[in-house]
Amino acid sequence: QVQLVESGGGLVQAGGSLRLSCAASGRTFSSYAMGWFRQAPGNEREFVGSIHWTGGSTYLTDSVKGRFTISRDNAKNTLYLQMNRLKPEDTAVYYCGASASYYGTNQNAYHYWGQGTQVTVSS
């Protein structure tokens, strides 16, 4: 198993930046593909981005391409989401997820989740 803890959320004005972190403990971090998801009030949780086990390949949903970057540091057991040019519609609770066998957009394939971190973007 792996335990995940997100941090780095907060309140920021539109156009600003935040960097989210997801610290992993337990089983070897590099054994998992990782993903970021978000859930806005009244909405279902949605895919934001994912990164391959090695970090050599990433995928981002269209609405954040060019603004967000997903990365990982396997030596530090940490996943990151750099968010630039934030918009009010990015407001949500952001979750990281881990999957031992899948690298993609389907949240049902991620077996481990953090507790989430709130991101609020004011206009």
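The values are calculated or read from the model by the stated rules, or taken from the named source; none is laboratory data. The structure displayed is predicted, hence computed values, not measured ones. All Cβ positions, glycine included, derive from the backbone under ideal geometry; neighbour counts span all protein chains shown. For accessibility, only protein heavy atoms count, side chains too; no ligands or nucleic acids. Shrake-Rupley method; radii C 1.70, N 1.55, O 1.52, S 1.80 Å.
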request  = With the checklist (1) in contact with a Ser or Thr (Cβ under 8 Å, 6 or more places away or on another chain); (2) at pLDDT 95 or above; (3) more than 19 Å from SER25 (Cα to Cα); (4) open to solvent by less than 30 Å² (accessible area, probe 1.4 Å) in hand, flag the one item GLN82 doesn't pass.
outcome  = (4)
task = Would you point out which residue out of THR69, THR61 is surrounded by fewer than 18 Cβ atoms within 10 Å (Cβ to Cβ), in contact with a Leu (Cβ under 8 Å, 6 or more places away or on another chain), of a type in the set (Val, Ile, Thr) and in contact (Cβ under 8 Å) with a residue 12 or more places away in the chain?
result = THR69
ask   = Which one of TYR103, TYR32 is open to solvent by less than 30 Å² (accessible area, probe 1.4 Å) and at pLDDT below 95?
value = TYR32
ask   = Is it the case that TYR94 is over 16 Å from GLN115 (Cβ atoms) and part of a strand (DSSP E or B)?
value = no
inquiry  = For the structure I just gave you, tell me whether TYR102 is aromatic (Phe, Trp, Tyr) and part of a loop (DSSP other than H, G, I, E, B).
reply    = yes
key: Meets criteria (touching a Phe, Trp or Tyr at 6+ places or on another chain (Cβ under 9 Å) and surrounded by fewer than 16 Cβ atoms within 10 Å (Cβ to Cβ)) for SER50   = no
note = Note on TYR32: of the conditions (1) within 27 Å of SER123 (Cα to Cα); (2) hydroxyl-bearing (Ser, Thr, Tyr); (3) touching a strand residue (DSSP E or B) at 6+ places or on another chain (Cβ under 7 Å), unmet is (1)
